[in-house]
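The values are calculated or read from the model by the stated rules, or taken from the named source; none is laboratory data. Computed from a predicted model, the values in this text were never measured in an experiment. Glycine gets a Cβ as well: all are built from the backbone with ideal geometry, and neighbour counts include every protein chain shown.
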Amino acid sequence: MAIDDMLRELKDLGKVVDDATKKIGEFKKPVKESSDSIPIAQDGISDIIRETEKAANNIMNLLDEINENSDEIDKSLYRLIELNPIKKIKESLMNLKELNKKNIGKILDVLSLLSFQDLTGQKLYKIQNTLNETKAKLLKILVDSEFEVKEVTIEKKAEIYGKLKDMVSDNQKMAQNDVNSILSELGF
């Protein structure tokens with residue numbers, strides 16, 4: 001009876017392994033699809049970071065020029081007021097000087113508000129790094145599942161894990177070419 005029990009247990013164990021292998025196979029497609037869509041998100045985030053940085057720098061440069069012009073306007077208005085013109089002209093010049101002063105204040109407020117761009121960029125970099133980590137984990141799951149299904153030499157496993165480790169340690173956007181290289185080595 002012991003042999004029959006052992007055979008039954010081995011048969012049950014074989015079924016469990018077969019079921020697990022099928023379940024792993026079911027994960028491959030969604031994992032690969034997720035891995036394929038992450039670079040699109042990363043590229044979009046990179047574009048947003050680059051474009052917002054560029055726009056913020058352009059705005060800041062324009063505001064600096066406006067601020068310099070306002071300083072010149074203020075000096076000119078001051079010189080005109082010192083000429084002691086008639087009352088109505090002097091009132092108009094004083095009004096213009098006050099409006100110019102308010103505009104300079106608003107320019108400084110806008111410059112302060114633009115400082116958010118740096119914080120936004122930092123948040124987007126964090127999102128990009130999270131996507132990179134997720135992509136690496138998905139790729140590792142895919143690699144691990146393929147190692148289970150296919151007979152892969154220890155040397156090949158070490159080589160692929162080494163490439164994967166190098167890609168993850170880079171903290172930059174994971175290059176899709178590197179991912180594709182690993183996937184092609186696994187037959188994808």
TODO: Filter region 93-116 for residues that are polar (S, T, N, Q) and surrounded by 14 or more Cβ atoms within 10 Å (Cβ to Cβ) and give the result.
DONE: Asn100, Asn103
- [ ] Answer yes or no as to whether Ser112 is more than 35 Å from the chain's Cα centre (by Cα), polar (S, T, N, Q) and in a helix (DSSP H, G or I).
- [x] no
Task: Some residue of region 92-107 being within 29 Å of Gly44 (Cα to Cα) and aliphatic (A, V, I, L, M) - done: no
Open item on the list: Ser92 - would you say it is small (Gly, Ala, Ser), at pLDDT 80 or above, closer than 20 Å to Ile49 by Cα and in a helix (DSSP H, G or I)?
Closed with: no
Task: Complete set of residues in region 117-141 that are of a type in the set (D, E, K, R) and either over 16 Å from Ile48 (Cα atoms) or surrounded by 16 or more Cβ atoms within 10 Å (Cβ to Cβ) (or both) - done: Glu133, Lys135, Lys137, Lys140
